[in-house]
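Worksheet for the structure shown next.
The numbers here are math on the coordinates, done by the rules we state, and not lab data. Since the structure is predicted, the reported quantities are computational estimates derived from the model, not experimental observations. In this analysis, Cβ positions are derived from the backbone assuming ideal geometry, glycine residues included, and neighbour counts consider all displayed protein chains.
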Amino acid sequence: MIDFYYAPTPNGWKVAIMLEECGLDYRTVLLSLPTNGDQFAESFLAISPNARIPAIVDHSTGIQPVTVFESGAILLYLFEATGLFGGEPSLRSKERNEWLFWQSANLGPMAGQLSHFVNYAPERFDYALNRYRGEYERCIRVLETRLSRGDYILGEYSIADMMTFPWIFIAKSLGIDLAAFPAVAAWRTKIKSRPAVRRAVDLLKEAQFTKTVNASTHPHLFNQTAQHLAPRSTGRQ
Ligand SMILES: N[C@@H](CCC(=O)N[C@@H](CS)C(=O)NCC(=O)O)C(=O)O
């Protein structure tokens, strides 16, 4: 059994997709990030020291429970545990790593910051909006170039697609029209129609943050500092 620390967000969906695709036995632990600050609870920081979902605890190894944080590390762990969805068998593992790191260091952070300035910022900041929209579009162009060589990032459907899909799935809500990126648009449609992906993006959908997100309704998403990680400083213990 795997405990899956989750909230219905793009980063949470990446791991939900893999768990659903592999048919693994898992128990979802919903964290209330914006209102309770569950991410800062001492018990959760012991699993995920960066105070972010997703994270897992694997109780099925027969030895000590194994904790894993960071979506890319979790997807690699599950691929190594199952042998499933690693990409075309002939590819070198460095390619798998390149695309997982690319998502973690580029597409995810840029889309995440764009989402903050589109959905949460208390006022409109044109400089930040232009900066992150430009970077997000630049990343989509990188993906477009890759996908114009084949149907999936690693030749066949893999953890690299699962890692990347959620931040493209929400492109429209970030103000980006994928019409200019036909290979990405076709790939998005194909992945979205997979039954496991549909189950994953619907997982605890009712707990999604509402549209009106601000520092008083969702205090734990704003103005985070090092203080938030001080032992027992905040969050539900
Ligand atoms: N690089 C991390 C990003 C994780 C992340 O940013 N998770 C968000 C939800 S989408 C979170 O836990 N936010 C809590 C907060 O901002 O306090 C990963 O890929 O796992």
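Okay, here's what the table says:
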quantity	calculated
Estimated vicinal HN-Hα couplings, Hz - region 216-223 in sequence order (Karplus 6.51, -1.76, 1.60; Gly, Pro = x)	8, 7, 9, x, 7, 9, 10, 6
Efficiency of FRET from Cβ geometry, MET1 and ASN36, R₀ 30 Å, rounded to 0.05	0.75
Other-chain or far-sequence residues with amide H under 5 Å of ALA55's (modelled H)	TYR5
Within straight-line cross-link reach of LYS172, aspartates and glutamates at Cα separation under 19 Å, skipping those fewer than 8 residues along the same chain	ASP126, GLU135, GLU137, GLU144, ASP161, ASP202
Extent along principal axes [Cα atoms of region 55-155; Å; largest to smallest]	52, 36, 17
Estimated dipole of region 59-162 in Debye, rounded to 20 [Cβ of Lys and Arg +1, of Asp and Glu -1, Cα centre]	220
About the Cα centre, charge dipole magnitude for the chain (Lys/Arg +1, Asp/Glu -1 at Cβ), debye	460
Reachable lysines from LYS94, criterion Cα separation under 28 angstrom, eight or more residues apart if same chain	LYS14, LYS190, LYS192
Positive dipole terminus of the chain, leading residue within LEU174, HIS218, VAL142 (C-beta point charges)	LEU174
